[in-house]
Amino acid sequence: MNYNINFPHLHIYLDHVGKSIDIFGFSIAYYGIVIAIGMVLGTLLARAVAKRTGQDPDMYVSFAIMAIIISVICARLYYVVFSWDLYKDNLISILNIRQGGLAIYGGVIGGIISAIIFAAIKKVRLGTLLDTACLGLLVGQILGRWGNFFNREAFGGYTDSLFAMQLPVDAVRSVDITNELASHMQVVDGISYIQVHPTFLYECVWNIVVLIILLARTKHKRFEGAIFFGYLVGYGLGRAWIEGLRTDQLLIPGTQFAVSQLLSIGLVVFGIIAIIIGRGIARVKAKKKQ
């Protein structure tokens, strides 16, 4: 297998980007390392925001432990359900996540479920919990996309734009190589490359912008849950168009509709409606206090 990853128009040529590292004879996937780092940094950010907003920072460590376990399970289930043909003949492979196969939206759903359960158990306000936790989640998503980079997955179709990324054909799954990618295949120094949209990078940068905006709004939110609904709108908008570029879309069974793209649009609509209603309720309460 060739381990090159190139960005020819940026004159960046990475000669050996491995998928794992060996430590004491045990192979650890960079995918897992990146996700783990994202989880730790996300928890640290949530604690910092909690401290700044008068909450108990340690509560978010407890929540993170619970949410990470449930979210990983949900992320895997989401991926398996919509990629069933890959697993139906080898069910034991469902347990192998070392090579990827975690759907971020499954993780988001798992995080929301965790928040509902945690808020009920700890008797804390769900809106406040979601407002703080979603910021940490964004950090995890920003870092997690780099796991796709190391795994040569979740890339887009053919492009010759400034950020075009070249991947060796033998380093990616054949099912992710579309006819368009195959027709634009290039051979450089005897190695066959496909040239794709680096959608992992697009989503990483988009999420950084969303995170900055939401952090700036934490002190100015008009109602509990405003930051979380803003997250749904911001992340959903970016994911809706980025998902349309990808060649490995998870489709609704029996259709050609990308489930994550439809879910993104739905969350954007839901988030906008929730923000409008929340602001309206906040205005009514403010008038009553006058």
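Quick note: the coordinates plus some simple rules give every number you see, no bench work behind them. It should be emphasised that the depicted structure is a prediction, and the values quoted were computed from it without experimental measurement. So basically every Cβ, Gly included, is an ideal-geometry build from the backbone, and we count neighbours across all protein chains shown.
Any idea what angle helix 57-81 forms with the longest principal axis of the chain, computed on alpha-carbon atoms, 0 to 90 degrees, nearest 10?
For helix 57-81, the angle is close to 50 degrees.
For the residues 102, 162, 201, what sequence is obtained by ranking on other C-beta atoms within 10 Å, fewest first?
162, 201, 102
Stretch residue 125-residue 209 to full length: gain in nm at 0.36 nm per residue minus the Cα-Cα span?
Extra length from residue 125 to residue 209 when fully extended: 27.6 nm.
Once the piece of chain linking residue 251 and residue 2 is laid out straight, how much longer is it, given 0.36 nm per residue of separation minus the C-alpha distance between them?
86.7 nm
Points 7 angstrom from Cα along the Cβ direction at residue 90 and residue 33: gap in nanometres?
2.5 nm
Fewest Cβ neighbours within 10 Å first, please rank 165, 59, 1 accordingly.
Working: 165 26, 59 17, 1 8.
Lowest to highest Cβ neighbour count: 1, 59, 165.
Relative contact order of the chain: what whole-number percent is it, with Cα pairs under 8 angstrom and at least 6 residues apart?
19 percent
With N denoting the number of residues in the stretch 194-272, provide Rg(C-alpha) divided by 2.2 N^0.38 Å, to two decimal places.
On the way: Rg = 14.4 Å, N = 79, 2.2 N^0.38 = 11.6 Å.
Its radius of gyration relative to the 2.2 N^0.38 Å reference: 1.25.
What is the angle, in °, between the Cα long axis of helix 199-217 and the longest principal axis of the Cα atoms in the chain? Nearest 10 is fine, range 0 to 90.
Rounded to the nearest ten degrees, it is 20.
Run the simple label-point estimate for residue 269 and residue 44 please: 7 Å along Cα→C-beta, distance reported in nm.
Result: 4.0 nm between the two label points.
Using DSSP to call loops (not H, G, I, E or B), can you name the trypsin sites (Lys or Arg not before Pro) in the stretch 162-238 whose Cβ has at most 13 other Cβ atoms within 10 angstrom?
Details: sites: 173, 217, 219, 221, 222; in loops: 173, 219, 221, 222.
Within the stretch 162-238, the qualifying trypsin sites (Lys or Arg not before Pro) (loop, at most 13 other Cβ atoms within 10 Å) are 219.
Would you calculate the separation in nanometres between label points at residue 178 and residue 281, each defined as 7 Å from the Cα along the Cα-to-beta-carbon direction?
For the pair residue 178/residue 281, the computed spacing is 4.2 nm.
Just to confirm the filter: which chymotrypsin sites (Phe, Trp or Tyr not before Pro) across the stretch 204-290 are DSSP coil and have at most 14 other Cβ within 10 angstrom of their Cβ?
257
Could you tell me which of 127, 38, 258 has its Cα farthest along the dipole of the chain towards the positive end, charges placed at Cβ (Lys, Arg +1; Asp, Glu -1), taken about the Cα centre?
Final value for the positive-end residue is 127.
What is the Cα convex hull volume of the stretch 30-118 when expressed per residue in Å³?
Numbers: hull volume 7.9 nm³, N = 89.
Spelled out: Cα convex hull of the stretch 30-118, divided by residues, is 88 Å³.
Which one of 27, 264, 114 has the biggest mean-square fluctuation once the chain is modelled by GNM with Cα springs under 10 Å?
So, out of 27, 264, 114, the one fluctuating most is 27.
Toward the positive end of the charge dipole of the chain, about the Cα centre and with charges on Cβ (Lys, Arg +1; Asp, Glu -1), which of 192, 101, 182 goes farthest?
101
How far, in degrees from 0 to 90, does helix 30-52 lean away from the longest principal axis of the Cα atoms of the chain, to the nearest 10?
Helix 30-52 and the main axis of the chain meet at about 20 degrees.
Calculate the dipole size of the chain relative to its Cα centre from +1 charges on Lys and Arg beta carbons and -1 charges on Asp and Glu beta carbons; express the result in debye to the nearest 20.
Dipole magnitude for the chain comes out near 2220 debye.
What are the extents of the Cα atoms of the stretch 5-289 along their three principal axes, in Å, largest first?
Principal extents (Cα only, largest first): 73, 42, 41 Å.
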